[in-house]
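See structure below.
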Amino acid sequence: MHDDPGNDRPGRSISRWTRSQAAAIRRGEGAVAPVVYPPAEDVDPDLHVWDTWFLRDRDGSIAEIDGYRVILSLTAPAELLPGKRHDVATIRYFYSRDGREWTCGGRVFEEGAAFGSRQWAGSALYDRRGDASGDGEDGRLYLYYTASGARGETELTYTQRIAVGAGGTVETGGDGLEISGPFDHEVLLEPDGAEYERESQSRGMIYTFRDPWFFEDPATGETCLLFEANTPIPDPEREERFEGDPEHLEFNGSVGLAVSPSGDPTDWELESPILEGVGTNQELERPHVVVRDGRYYLFLSSHEHTFASGLEGYDALYGFVADSLRGEYVPLNESGLVLTNPESAPFQTYSWLAYPHDEEVLVTSFFNYYDLRGLSLDDVADLPADEQQRRFGGTLAPTVRLDVDGAATRVLGALEHGHLPLPDEELPALLSSYRAENDDRGEY
């Protein structure tokens, strides 16, 4: 999967997701999630809720603060048409003691304080280093986000920078958990035009420089940020490093990497991408890594419409595995497909996030469009407003259970909507296990 020697950029080789690999994508039984139905209750009926991530400790584990765990989500008022939610996206936090019932604590940033006219997905670090109390409950917050557009703009623009709100406090009490500022906001990274495409260089369907994900490498101790980006293709007619015709190369998604030489969560230097999908796919969204048995599992989300012409993919979670953070990565299940929606409900969930749980990997996402009955997402925009609202979930989806074995994965089943267990919590028996036990007894 490395570049051929004659095509290497100076000094290093970058893993690729190639057209020939993606051409093997098939909706096999082991990659299909169960059909999702509306939950009895939304996580918050007043909000559209979509991309979601945990507040995590520096080692990547889910942070527990006085028995609470915290998730952060992109949100918008529920009365807004679902297709307009990205234009006003605001990050809110939710907290829970049991990982089932979630309470909205409100916005994480004061209105107008963050960079951008709206904020898109990111990650959240609760750094307990230097905790003077010694009880680990006085950490410092680093809330990474995508700053989209510019503060105060009257017409939406789509410039994207990687930013952070650092500082703040987390307080707990009888009434729950509260995150409050002030936060010091700083733009951390912008594309350099060489490794990472600037907006002015983009010729493709969608421009990306977003989705920062904090990661501390357990093998090296290196402090890293992963993010979604695009690889500049200055002259497709002469570009020989990638498969595909010139028009395919406009689809140029990549997974970027920045490293903190000091370990300071606000001090970053751009490095080369760890994966490129040039000629294959335009959007390698929300990249993140799960480390299991010394292997690095790189997961990302993508859409059916962001694959280059001649390829057929799905709205799905895709994955790759390597022996180190920088690769060489090979696609899971040969094609990269890990988890997708049923053919009858192809857009029911999106924006997957994987995390380890004992011998399994759990995958959370949001409940997207359902009951479309063959309609495309373009068709949805032409429906009456009440029908657009009815067919949009806008809440946490059921958590999917995955078996991961080397370079192969398999869907085992699902938990309830928004059930996000901690790694040491016992999971219910799988239906297949229950059936097998009772078959043995002649009771099923």
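The values are calculated or read from the model by the stated rules, or taken from the named source; none is laboratory data. Keep in mind it's a predicted model, so treat the numbers as computed, not measured. Reconstructed Cβ throughout: ideal geometry from the backbone, glycine too, with neighbour counts over all protein chains shown. Ligands, DNA and RNA are excluded from the accessible area calculation, which covers all protein heavy atoms including side chains. Shrake-Rupley method; radii C 1.70, N 1.55, O 1.52, S 1.80 Å.
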- Task: Keeping every protein chain in place, order Arg151, Arg129 by accessible area at 1.4 Å, biggest value first, i.e. largest first.
- Result: Arg129, Arg151
- Task: List the relative contact order of the chain as a percent without decimals, with contacts defined as Cα pairs under 8 Å and 6+ residues apart.
- Result: 16
- Task: Calculate, for Ala408 and Asp378, the FRET efficiency according to 1/(1 + (r/R0)^6) with r their C-beta to C-beta distance and R0 30 Å; round to the nearest 0.05.
- Result: 0.30
- Taking square-rooted eigenvalues a ≥ b ≥ c of the alpha carbon gyration tensor, is the stretch 296-444 rounded, prolate or oblate, where a/c under 1.5 means rounded and, failing that, a/b exceeding b/c means prolate? oblate
- Item | Sequence-separation-based contact order of the stretch 229-374, relative, with Cα cut under 8 Å and 6+ spacing, percent | 15
- Please report, for the Cα atoms of the stretch 270-352, the Rg to one decimal and the Dmax as a whole number; what are they, in angstrom? 13.0, 42
- Convex hull volume of the stretch 203-310 per residue (C-alpha atoms, cubic angstrom): 116
- Hey, how many Å between the Cα centroid of the stretch 361-399 and the Cα centroid of the stretch 234-284? 30
- Message: Can you tell me how the chain classifies by the Cα gyration tensor, rounded, prolate or oblate, using a/c under 1.5 as the rounded cut?
- Response: rounded
- How would you rank 374-381, 45-52, highest first, on the average number of other Cβ atoms within 10 Å across their residues? 45-52, 374-381
- Charged-residue dipole, Cβ positions (Lys, Arg, Asp, Glu), the stretch 326-420 about Cα centre, Debye nearest 20: 120
- Item | Phe367 long-range amide H proximity, modeled H, under 5 Å | Gly394, Thr395, Leu396, Ala397
- Message: With a 1.4 Å probe and all protein chains kept in place, how much accessible area does Thr409 have, in Å² rounded to the nearest 10?
- Response: 20
- For the stretch 36-158, shape from the Cα gyration tensor axes a ≥ b ≥ c, cut at a/c of 1.5 then a/b versus b/c, turns out oblate
- Asp46 to Asp371: extension gain in nm, 0.36 nm per residue of separation minus the Cα-Cα distance? 114.9 nm
- Query: Suppose R0 equals 41 Å; then what is the FRET efficiency for Ser180 and Ala219 from their Cβ-Cβ distance, rounded to the nearest 0.05?
  - Reply: 0.70
- Task: Multiply the residue gap between Glu343 and Lys84 by 0.36 nm, knock off their C-alpha separation, and tell me the result in nm, one decimal place.
- Result: 90.7 nm
- Query: Which values, in whole Å and largest first, are the semi-axes of the equivalent ellipsoid of the stretch 152-237 obtained as the square root of 5 times each eigenvalue of the Cα gyration tensor?
  - Reply: 33, 20, 10
